Amino acid sequence: MIVYFYITILSVLGFILMGRDKKSAEDRRSRVSENQLMFISILGGSVGILIGMLIFKHKTSKKKFYIGIPGIYILQWAFLFGLLYYNLSL
């Protein structure tokens, strides 16, 4: 249960950061670094980053994001399902 809470918090944070970065880009203000966005995604916020990319139409032309974020998302869910399968088979 705590894993889902953790993923939810990081996903909301990732979504907010994507929206903030998009707004900052439009206003030509200080931006959220791509490394920070990728780091949040790797830590578990890939769902929020991915949803933010789609809703805000942000970073969708960067290969690092349009391939990397879905890849991280798939790996994270494969890992979670693997843990679930392993725990159920014990």
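The values are calculated or read from the model by the stated rules, or taken from the named source; none is laboratory data. Please read these numbers as outputs of a predicted model, since none were measured by experiment. Note: ideal-geometry Cβ built from the backbone for every residue, glycine included; neighbour counts use all protein chains shown.
Please verify whether V12 is buried (at least 20 other Cβ atoms within 10 Å of the Cβ) and either among the hydrophobic types (A, V, I, L, M, F, W, C) or in contact (Cβ under 8 Å) with a residue 12 or more places away in the chain (or both), treating the condition exactly as stated.
Criteria not met by V12.
For residues that are of a type in the set (D, E, K, R) and free of Cβ contacts under 8 Å to residues at least 12 places away in the same chain, scanning just region 29-39, find the one that is surrounded by the fewest Cβ atoms within 10 Å (Cβ to Cβ). Lay out the reasoning, then the answer.
Residues of region 29-39 that are of a type in the set (D, E, K, R), as a first pass: 29, 31, 34.
With the extra rule that they be free of Cβ contacts under 8 Å to residues at least 12 places away in the same chain, the set shrinks to 29, 31.
On the way: R29: 10, R31: 14.
My answer is R29.
Scan region 40-77 for residues that are of a type in the set (G, A, S) and surrounded by fewer than 10 Cβ atoms within 10 Å (Cβ to Cβ) and jot them down.
S61
For F81, state whether it is at negative phi, surrounded by fewer than 16 Cβ atoms within 10 Å (Cβ to Cβ), among the hydrophobic types (A, V, I, L, M, F, W, C) and over 8 Å from the mean Cα position of the chain (by Cα).
Values: at negative phi: yes; surrounded by fewer than 16 Cβ atoms within 10 Å (Cβ to Cβ): yes; among the hydrophobic types (A, V, I, L, M, F, W, C): yes; over 8 Å from the mean Cα position of the chain (by Cα): yes.
Against the criterion (at negative phi, surrounded by fewer than 16 Cβ atoms within 10 Å (Cβ to Cβ), among the hydrophobic types (A, V, I, L, M, F, W, C) and over 8 Å from the mean Cα position of the chain (by Cα)), F81 qualifies.
Give all pairs with beta carbons closer than 8 Å in which a residue from region 42-53 that is of a type in the set (S, T, N, Q) meets a residue that is in a helix (DSSP H, G or I) and modelled with pLDDT under 95; count only pairs at least 6 apart in sequence or on separate chains.
Correct list of pairs: S46/Q76.
Hey, which of the helices (runs of 4 or more DSSP H) in the chain, taking only ones fully inside, have at least 1 residues that are modelled with pLDDT of 95 or more and in contact with a Cys (Cβ under 7 Å, 6 or more places away or on another chain)? I'd like the intermediate steps shown before the answer.
Details: elements: 2-27, 34-40, 46-56, 63-66, 68-89.
Qualifying helices (runs of 4 or more DSSP H): none found.
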